[in-house]
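Here's the structure, in structure tokens; my notes come after.
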Amino acid sequence: RGRTVFIFIYSYEVAMKSRMERRAPLPPQHYSTLISELESLGWDKLLSIDTQFSTLKLRANDRSGRLHVLTVHLKPKYPTEAPECSADLPVPLIITWTPQSILASIYNQFLALLESLEEFWAVLDEIDERTWVLEPEKPTRGETARRIAIGNNVSMKLNVDPQHPRMLPECLLLGAEHLVTPLRNKLNANMHLWNPESSVLQNMKEVLEIEFPSPTTHEKSSFLAECGICYSYRLESAIPDQVCNDPRCGQPFHQECLYEWLRGLPSSRQSFSMVFGECPYCSKVCYTLQAHARALLGAPL
């Protein structure tokens, strides 16, 4: 009750401030309705509310204890006008709303969506905990892709389907061709062994016939090779994803660095969107896509 009195006083101050600033305050019924709905929902669910009483952040924990935040932006004609809702999710947040709906209606729909995504997050949590994830550096709950280390200058990018998280994800093998080709062949030959009853990580181990390096077996620094041109690991948000294909070299590069290097060579040549030239380390032929072609493909070589 004390908290209710405090919010009434606070809302009155907000209304007076709005009047002083020549902004039309919302009617008292708006505040009383909102306070009543928050009481019904539970004050423990409220993380924050702005000074205009228009944007709320609500907390929710799924059954595995993961914390999620639901942002609700109330329109001036609330509840007649549907609020805008957003959250860090891998799928669109679609809320069903009628003028009779209340905050609890939104919250319960959000909980139902979280429940439907629990298996998806469980798949990615296992990958995050048992492999070395190279990208993204700090994955959010809305991201579906992981680039995980397989060996020195060899990695795999997985894109997990939120609706079918245990099915074979989109896979992209990255690294020198002589290292990637055997893995690609195994993936194609053993794809029929995929078992939806097993975890994605276990399936990938069996299909590729490998053990992924993990925090219990390897140091992450083993996989953080610097670019051979700019001598840094991260170039803005990018990490080295191009490798010289000569087995005796295998030097990694940022795609942008390699492209600029090759483009500046008098001896470089171009075939469609592919640029060829000498590796800055071993002088063997290196190649990469032009930036615009790479963007269209949406993935590195």
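The values are calculated or read from the model by the stated rules, or taken from the named source; none is laboratory data. Everything quoted here is computed from the prediction, not taken from an experiment. FYI the Cβ positions are ideal-geometry reconstructions off the backbone, even for glycines, and counts take in every protein chain you see. These area figures cover heavy atoms from the full protein model, side chains too; ligands, DNA and RNA do not enter into them. Shrake-Rupley method; radii C 1.70, N 1.55, O 1.52, S 1.80 Å.
Hey, what number do you get for the chain at 222 nm if only DSSP H runs of n ≥ 4 count, each worth -39500 (n - 2.57), divided across all residues, to the nearest 500?
Rounded to the nearest 500, it is -10500 deg cm²/dmol.
Would you mind computing, in nm to one decimal, how far apart the modelled labels at Ser221 and His73 are, each placed 7 Å from Cα along Cα→Cβ?
Here the modelled spin labels are 4.5 nm apart.
Stretch Glu197-Arg59 to full length: gain in nm at 0.36 nm per residue minus the Cα-Cα span?
46.5 nm
Can you compute the modelled spin-label distance between Ala112 and Leu93, with each label point 7 Å from Cα toward Cβ, in nm?
1.6 nm
Express the carbon and sulfur contribution to the solvent-accessible surface of the chain as a percent, rounded to the nearest whole number, probe 1.4 angstrom.
Of the solvent-accessible surface of the chain, carbon and sulfur hold 53 percent.
May I ask you to give the solvent-accessible area per residue for the chain, in square angstrom, as obtained with a 1.4 angstrom probe?
55 Å²
How much solvent-accessible surface does Glu84 expose, in Å² to the nearest 10, with a 1.4 Å probe and all protein chains in place?
Accessible area, nearest 10 Å²: 100 Å².
With the cut-off at 1.5 for a/c, could you classify the chain from its C-alpha gyration tensor as rounded, prolate or oblate? Walk me through the intermediate numbers first.
Numbers: a/c = 3.14, a/b = 2.06, b/c = 1.52.
It comes out prolate by the Cα gyration axes.
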